[in-house]
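Below you'll find the structure, written out as structure tokens, and then a few comments.
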């Protein structure tokens, strides 16, 4: 078997807030072509882990490598330009702009040319097609001209993903993309994630266990900031410690 | 092009023609007044770039204006004219450098702290001109000889003639407006709109938002400095009040009154504010009350802002909406 294509690697990541250790010595790898789910109760440190990986907050210790390059000291925008896309648990879009403009602005980050004040932004031959492709892929092809703020909840979650895709990332960090979605919307989102798996390394933080076990190639379980198990789904399901700490309450 | 954009373009053209023809019907007083208002309109446009387009509430815009104005006067020798082609760029450069310095530090803060830090830096500049020999105190300084607009010894424009200067300022206003309108449609302009709408998302998408905000702040300072140059040449006089927080505050009122988020709002706001002030200061109209013009002006502004949340420039859109009926109201959708 060839060595897996590791795109993002978090090594011994720790984040302390005063006396609280939100993320405690976590190591994990994301490889191209696989969905890596991170599960855990509320407050287990999942979102903080995403924030450490994406560079939104600095780690107290540990390092992050993106495509083999140490990016620990890089701020979030630099990591994003290097191919790290993320979505937020609380929908983070531009509600006043149209769906297309949301995606176009995200895609524009790949060719920013801020000094070219005389060039029209919407005439960019890179951003416009990329935005349209991303919106299509996320299932928003019919809503391009709608103000994003008027989308349904599910639509906004799709737009989050579309904006992420518009920046053409290699790594996707998705923070509860299924939160608040109905069964039909969940199915559609899982299909989308499955279709994205081939070209990307995906980290999925999610509470919906059925969905996680349907799509994940690997599952990491966090309790109180620390990893208690990280394995293929069947092994995690069978893990006694996980059952006691987390799944037990559902069984 | 939407119906709104089309009528907007027509309105803009009508306004430009009206301003161009205005001196034909106006006397000396009117020409002088509108020249001053147009200088303030340029200054208000510089602030609109920050507040209305980028979401940065700067409470120290007067400092860059004053530095531009003072530089013109301080660098002009007492008995001979200097070339405007040398003087204006240097004055704008000084304002720009101070904006770069203030922006670099103040943009590390947010919200109310940003407002206070920009105010503090502006007051610092104010006291430099107010209390050091450089600015020669409260009395200000006169500009004895206006800068020359000459190419190879040939005088192109005589800035000392009020009518000529009126058209110089009108041209400057039109150019500033056109420049900003084009800029706002560019990638840079859209990125600023993104920063205003959701900075977190912009960073997640890969924009170094600090650099964008600093660029906007510095550019805004440069435009304010340019307005300062025009002001100094117009009046031939500068005093520390040009840098005072009163002016920074009035500018904020102008752009809010005119309507944030629209460039024309800054221009309309500058005209509305100055004309309202003139009306309330008019003694034949208000008698003894004219001394308390601030009260009348303040109450009128409060009423206007309460009745027109999108400002005077938002009035056509508001009327169109009411005519259509209760169509869904989306902020900025037709801006």
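The values are calculated or read from the model by the stated rules, or taken from the named source; none is laboratory data. Small disclaimer: the values here were computed from a predicted structure and weren't measured. Glycine gets a Cβ as well: all are built from the backbone with ideal geometry, and neighbour counts include every protein chain shown.
Computed quantities for the displayed model
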item	result
Residue under evaluation residue A:149, criteria (1) at pLDDT below 90; (2) under 27 Å from residue B:205 (Cα atoms), criterion not met	(1)
Complete set of residues in the stretch B:232-241 that are buried (at least 24 other Cβ atoms within 10 Å of the Cβ) and in a helix (DSSP H, G or I)	B:232, B:233
The stretch A:110-141, subset away from chain B (no Cβ under 12 Å), part of a loop (DSSP other than H, G, I, E, B) and within 24 Å of the chain's Cα centre (by Cα), residue farthest from residue A:172 (Cα to Cα)	A:141
Which listed residue, of A:16, A:32, is surrounded by fewer than 17 Cβ atoms within 10 Å (Cβ to Cβ), assigned by TED's automatic domain parsing to the domain that holds residue A:209 and more than 23 Å from residue B:209 (Cβ to Cβ)	A:16
Test result for residue A:107, farther than 14 Å from residue B:202 by Cα and either over 14 Å from the mean Cα position of the chain (by Cα) or surrounded by fewer than 17 Cβ atoms within 10 Å (Cβ to Cβ) (or both)	no
Subset of the stretch B:176-211 [surrounded by 23 or more Cβ atoms within 10 Å (Cβ to Cβ) and either at positive phi or not in a helix (DSSP H, G or I) (or both)]	B:206, B:207
Failed criterion for residue A:210 (all others in (1) on the phi < 0 side of the Ramachandran plot; (2) buried (at least 16 other Cβ atoms within 10 Å of the Cβ) hold)	(2)
Top-ranked residue in the stretch B:18-58 [being free of Cβ contacts under 8 Å to residues at least 12 places away in the same chain and part of a loop (DSSP other than H, G, I, E, B); ranked as surrounded by the fewest Cβ atoms within 10 Å (Cβ to Cβ)]	B:27
Top-ranked residue of the stretch B:246-281 - restricted to ones that are farther than 30 Å from residue A:96 by Cα and out of contact with any helix residue (DSSP H, G or I) (no Cβ under 6 Å at 6 or more places or on another chain), ranked as surrounded by the fewest Cβ atoms within 10 Å (Cβ to Cβ)	B:246
Residue that is surrounded by the most Cβ atoms within 10 Å (Cβ to Cβ), among those in the stretch B:59-83 that are in contact with a helix residue (DSSP H, G or I) (Cβ under 8 Å, 6 or more places away or on another chain) and over 18 Å from residue B:122 (Cβ atoms)	B:72
Condition broken by residue A:183, with the remaining ones in (1) surrounded by fewer than 19 Cβ atoms within 10 Å (Cβ to Cβ); (2) without any contact (Cβ under 8 Å) to a residue 40 or more places away in the chain; (3) touching a strand residue (DSSP E or B) at 6+ places or on another chain (Cβ under 7 Å) satisfied	(3)
Some residue of the stretch A:211-219 being closer than 20 Å to residue A:35 by Cα, touching a strand residue (DSSP E or B) at 6+ places or on another chain (Cβ under 8 Å) and at pLDDT below 90	no
Test: residue B:243 is touching a helix residue (DSSP H, G or I) at 6+ places or on another chain (Cβ under 8 Å) and closer than 27 Å to residue B:143 by Cα	yes
Sole exception among (1) more than 14 Å from chain A (Cβ to nearest Cβ); (2) in contact (Cβ under 8 Å) with a residue 24 or more places away in the chain; (3) touching a helix residue (DSSP H, G or I) at 6+ places or on another chain (Cβ under 7 Å) for residue B:157, by number	(2)
Condition met for residue A:52 (in contact (Cβ under 8 Å) with a residue 40 or more places away in the chain and within 19 Å of residue B:208 (Cβ to Cβ))	no
Residues being surrounded by 13 or more Cβ atoms within 10 Å (Cβ to Cβ) and either in contact with a helix residue (DSSP H, G or I) (Cβ under 7 Å, 6 or more places away or on another chain) or over 23 Å from residue B:238 (Cα atoms) (or both) - total across the stretch B:106-139	18
Qualifying helices (runs of 4 or more DSSP H) (wholly inside the stretch B:265-335; at least 2 residues being within 14 Å of chain A (Cβ to nearest Cβ) and at pLDDT below 85)	none
Residue in the stretch A:74-95 that is more than 9 Å from chain B (Cβ to nearest Cβ), without any contact (Cβ under 8 Å) to a residue 40 or more places away in the chain and buried (at least 17 other Cβ atoms within 10 Å of the Cβ) present	yes
Out of A:78, A:116, A:135, sole residue that is outside the structural domain of residue A:203 (by TED's automatic domain parsing) and at pLDDT 95 or above	A:135
Among (1) in a helix (DSSP H, G or I); (2) within 14 Å of chain B (Cβ to nearest Cβ); (3) within 21 Å of residue A:91 (Cβ to Cβ) - the single one residue A:187 does not satisfy	(2)
Options A:168, A:194; residue that is at pLDDT 90 or above, touching a helix residue (DSSP H, G or I) at 6+ places or on another chain (Cβ under 8 Å) and at negative phi	A:194
